[in-house]
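**Q** Pasting a structure here, questions to come.
The values are calculated or read from the model by the stated rules, or taken from the named source; none is laboratory data. Not measured: the values here are computed from a predicted model. Please note: Cβ atoms are built from the backbone with ideal geometry, for glycine as well, and neighbour counts cover all protein chains shown. Heavy atoms of the whole protein, side chains included, go into the accessibility calculation; ligands, DNA and RNA do not. Shrake-Rupley method; radii C 1.70, N 1.55, O 1.52, S 1.80 Å.
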Amino acid sequence: MEVPTLSDVHQARSHIAPHLRPTPLYEYATLNEMVGAEVFVKHENHQPVGAFKVRGGVNLISQLGADERERGVIAASTGNHGQSIAYAARIFGVAATICVPENANPVKVASMRGLGAKLIFHGRDYDEARENCEQLAHEHGYRYIHSGDEPLLIAGVATQALEILEERPDTDVLIVPIGGGSGAAGACVVAQAVKPELKVIGVQSEAAPAAYHSWKARQLVEDKMETFAEGLATRTAFELPQRILWDHLDDFTLVSDDEIRAAQASMIEATRNLVEAAGAASLAAALKLRDELAGKRVALILSGGNATREQLLDVLTGGPRHTPDKKESPG
């Protein structure tokens, strides 16, 4: 697996551009106040499947050979990777099978079904679904699309960081949620080539810290998976993203699920957008690192917005959140 280059990212953009528009990068006064910095949110929740991974899916499937298209593709996912593959497969007329955990997010399940993918429910979490997926790929000859160990996926999702630096070249810090790590790996590829002084920070739930501990140890490790944030929920680290992160990620922080919940509620209220838990992890990290980020220009990847009604009610009726200073205008 070759590490993608900036040239690969530019090529990815040419494959993606006919199908996906650049997403907005917006500043919010309330988030500036909360973090004590200039905060810009990259709205990957505005993608047609509500998450950043669709960039990688379109890039990869657009470049499949005729034999791979004929065989069909298979992937394992808690939802966003699966939606990405299903969306791209529909565009290019490729049969897609997605293996999901038995308790998969129903919003994401409905989206994948609507996009025409065949769904297979198996296992209690992503990793059990992935193990089943790999077995089915071997048995039936499908083109297996791993959610991290795919150079074309990483080059595709890296286009989100490229868009940020083109719009705000003065960005000092980029904070990226990490599940498998493809988004953070892509950000590192772009940062090293375009602006090496840009600090890229990854964030993961302390209830599912496999990628964090792999990054610290400089070797792949497994760990517990107890987070409610399905976009961050993996028990294993992925080889290709980790190789890139070991070389280029500047920092990596863990946040609690309670911190993610509070950040999710605050981000929904501040941006008036749907925000899933993984998408709010970047804000949770920014709040935890507030002193370090003071006065800087900080871009947060809002990686997805595929929250269920029940998840939103739970988060929005939960514990204490930020309230604007009384001096602020209520309008």
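**Q** Going by Cβ distance under 4.7 Å, what cysteines of the chain have no possible disulfide partner?
**A** CYS188
**Q** Alpha carbon centre of region 171-187 versus region 112-158: separation in Å?
**A** 21
**Q** Next up: Tell me, Kirkwood radius of region 109-153 from alpha-carbon pair distances, in Å?
**A** Taking every pair of different Cα atoms in region 109-153, averaging 1/r and inverting gives 11.9 Å.
**Q** For GLU139, what accessible surface area do you get with a 1.4 Å probe? Give it in Å², rounded to 10.
**A** 110
**Q** To one decimal place, what orientation-averaged projected area in nm² is obtained for the convex hull of the Cα set of region 1-116?
**A** 9.5
**Q** Further question: Express in nm, to one decimal, how much length is gained between ASP291 and ASN103 on full extension, taking 0.36 nm for each residue of separation and deducting their alpha carbon distance.
**A** Numbers: separation 188, 0.36 × 188 = 67.68 nm, distance 3.83 nm.
63.9 nm is the gain from fully extending ASP291 to ASN103.
**Q** A follow-up question, please. Can you count the Lys pairs in region 186-331 with C-alpha separation below 20 Å, eight or more apart or on different chains? Kindly include the intermediate steps, with their values, before the conclusion.
**A** Details: LYS195/LYS296; LYS199/LYS216; LYS199/LYS288; LYS199/LYS296; LYS216/LYS224; LYS216/LYS288; LYS288/LYS296.
Lysine pairs, 8 or more places apart or on different chains, close enough: 7.
**Q** Follow-up. When only C-alpha pairs under 8 Å and at least 6 residues apart count, what is the relative contact order of the chain, in percent?
**A** That works out to 21 percent.
**Q** Here is a follow-up. Taking the Cα atoms of region 38-171, report the difference between the largest and smallest coordinate on each principal axis, in whole Å and largest first.
**A** Sorted largest first, the three principal extents are 50, 34, 25 Å.
**Q** Rg(Cα) of region 208-302 divided by 2.2 N^0.38 Å?
**A** In units of the globular-protein estimate, region 208-302 measures up at 1.13.
**Q** If you take every DSSP beta bridge whose two residues both sit in the chain, what share of them, in percent to the nearest 5, is antiparallel?
**A** Just about 15 percent of them are antiparallel.
**Q** For the pair GLU206 and ILE120, how long in nm is the line joining their label points, each one 7 Å along Cα→Cβ?
**A** 3.8
**Q** Can you compute the helix-only [θ] at 222 nm over the chain? Use -39500 (n - 2.57) per DSSP H run of at least 4 residues, normalise by all residues, nearest 500 deg cm²/dmol.
**A** After summing the helix terms and dividing by the residues of the chain, the value is -13500 deg cm²/dmol.
**Q** I would also like to ask the following. Taking every alpha carbon pair in region 20-80, what does the distance histogram look like in 5 angstrom bins from 0, in percent?
**A** Values per bin, smallest distances first: 4, 14, 17, 16, 14, 13, 8, 6, 4, 3, 1.
**Q** Using only alpha carbon positions, build the gyration tensor of region 91-132, then give the equivalent ellipsoid semi-axes as the square roots of 5 times its eigenvalues, largest first, whole angstrom.
**A** 19, 12, 6
**Q** Another question, if that's okay. Give me the three principal axis extents of region 143-254 from the C-alpha atoms, as integers in angstrom, largest value leading.
**A** Sorted largest first, the three principal extents are 38, 34, 25 Å.
**Q** For region 202-317, with every protein chain kept in place, what is the accessible area per residue (1.4 Å probe, Å²)? All intermediate terms of the calculation are to be shown ahead of the outcome.
**A** Values: 4440 Å² over 116 residues.
Value for region 202-317: 38 Å² per residue.
**Q** Follow-up. For an R0 of 35 angstrom, estimate the FRET efficiency from the Cβ-Cβ distance between TRP246 and LEU313 and round to the nearest 0.05.
**A** E between TRP246 and LEU313, to the nearest 0.05, is 0.30.
**Q** Something else about it: For region 44-136, report the accessible area per residue in Å² (1.4 Å probe, heavy atoms, rounded to an integer). Don't skip to the answer; put the middle values down first.
**A** Values: 3290 Å² over 93 residues.
With all protein chains present, region 44-136 gives 35 Å² per residue.
**Q** Given 4 °C and 1.567 mPa s, how large is the Stokes-Einstein diffusion coefficient of the chain in µm²/s, with Rh as the Kirkwood radius over Cα pairs?
**A** D, rounded to a whole number, is 67 µm²/s.
**Q** Which trypsin sites (Lys or Arg not before Pro) in region 225-280 pass both tests, a DSSP loop state and at most 13 other beta-carbon atoms within 10 Å?
**A** ARG272
**Q** Then there's this: Could you work out what % of the accessible surface of the chain is carbon and sulfur, using a 1.4 angstrom probe and leaving DNA, RNA and ligands out of the count?
**A** C and S fraction of accessible area: 48 percent.
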